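First comes the structure, then the notes that go with it.
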Amino acid sequence: MGKDEQREEISSPSNSQKLNHHVVALDVEVPQTLHEVGTDSWFQVGVVLSTGINSAYALGYAGTIMVPLGWTGGVIGLVLSTLISLYASTLMAKIHEYGGKRHIRYRDLAGFMYGRTAYIIVWACQYANLFLINIGFIILGGQALKAFYVLFEDDHRMKLAYFIAIAGLACVLFAIAVPTMSSLRIWLVISSVFSLIYLTVAFVLALRDGINAPPRDYSIPGSKINRFFTTVGAAANLVFVFNTGMIPEIQATVRAPVVDNMLKALYFQFSLGSVPVHAVTYVGYWAYGSSSSSYLLNNVSGPVWVKALANITAFLQAIIALHIFACPTYEYLDTKYEIKGSAIAIRNLAFRALVRGGYLALTTFLSALLPFLGDFMSLTGAISTFPLTFILPNHMYIIAMKKKLSSLQKSWHLLNVVFFSVVASAALVAAFRLIAVDSKNYHTFADL
């Protein structure tokens, strides 16, 4: 029996492993991996997803989204991004067991549906996405640590690059200590506490500043041509806010029934989990208008110890959040080189120190070389988050559900594919332009 016939038999309504609305399969095949599969509750997975969107990145959206879009475009854009991202994420979750097999990696699902070429392209696209996200986290960690330092010693001797290097080293130590995503457990609780601290501090201090401040300027800065490109770049940032580009990898950790539990996790992420990022973004922009920074704690005024607490928790949370987005890379390397057994075995510790340390050393170097956080958010959204989050899920869903969808439904998903492809292309041009402009305005290893 050929591969297409096997897929047809699996998806046939008469087969016991039929693909229904929730894609429930019997005796589902699990691909080989040396990381844990199917061990986590939906709530733990929901916290993992919420950790990503409420990371220290959330402190930058007032400056990188609201400033270029203004009140109307910013609020409507964030709300629409929340709803559209939830919709696209549920499409991916529902096809996790397509063809009677758990697709624990995005590239595996792409290869199963489209073939070897798609496998390679999606692999490259996803790892570029995760690499750029991790660059951003190390920049964020460095910015937070520098902001903490200057509260006590503003001597200009310690440059941003030094703090980025310290952040990178901290990430290496954490990567050695925590072998897998499922191993995060208690760290997710700690991460949530850290997020609550710095987001609450930013919210309260910005609210106080806004109440006491004179009227703010909310006009969108720049010439017409600059506003056009920054608006397109901000659209890529909107996509970046809520999406990981690694739904299959996160869903791999959830217990059965994997689709139902993943949907619960997603509903948690996009409801309760998204409240903090919306709140701190709107209040930050309201308080500071077009002068809102890409790191909101640089804007706020208040007691030194409170700001210090917020900055150090933002730094520490960035380390944990980076680990989540680096885990697909770690899983690939651990599985390829058969790193199994005790996490504290000398061989395993040495491997993590050498390989993960090397990966993070490169990430840290590039972070210090070009520390333009907003530009990397735009580039990440354009080059990989758009395709992985909106374009591919809609097309994959058509393939997986082809016998279940009406012509109108298929046309809807195809329209999404075309629309988001056009937006991604425009956002990519805008992102490269922003990086080129900032590269002229700032030198390498800039002390921003």
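The values are calculated or read from the model by the stated rules, or taken from the named source; none is laboratory data. Just so it is clear, the model here is predicted, and its values are computed rather than measured. We place every Cβ from the backbone using ideal geometry, glycine too, and count neighbours over all the protein chains shown. In case anyone asks, the SASA skips ligands and DNA or RNA and just uses the protein heavy atoms, side chains included. Shrake-Rupley method; radii C 1.70, N 1.55, O 1.52, S 1.80 Å.
Key figures
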item: Checking residue 90 against (1) modelled with pLDDT of 95 or more; (2) open to solvent by 20 Å² or more (accessible area, probe 1.4 Å); (3) not basic (Lys, Arg), the condition it does not meet; result: (2)
item: Identity of the residue in region 176-222, hydroxyl-bearing (Ser, Thr, Tyr) and either in contact with a Leu (Cβ under 9 Å, 6 or more places away or on another chain) or loosely packed, with under 14 Cβ neighbours inside 10 Å (or both), that ends up nearest to residue 59 (Cα to Cα); result: 198
item: Any hit, region 240-249, residues being farther than 26 Å from residue 283 by Cα, in a helix (DSSP H, G or I) and open to solvent by less than 10 Å² (accessible area, probe 1.4 Å); result: yes
item: Test for residue 136: is it surrounded by 18 or more Cβ atoms within 10 Å (Cβ to Cβ) and over 19 Å from the mean Cα position of the chain (by Cα); result: no
item: Residue, farthest from residue 251 (Cα to Cα), within region 306-360, restricted to residues that are of a type in the set (D, E, K, R) and modelled with pLDDT under 90; result: 347
item: Residue that is most open to solvent (accessible area, probe 1.4 Å) [pool: residues in region 139-169 that are of a type in the set (A, V, I, L, M, F, W, C) and part of a loop (DSSP other than H, G, I, E, B)]; result: 152
item: Residue tally, condition farther than 16 Å from residue 134 by Cα and open to solvent by 30 Å² or more (accessible area, probe 1.4 Å), over region 303-332; result: 7
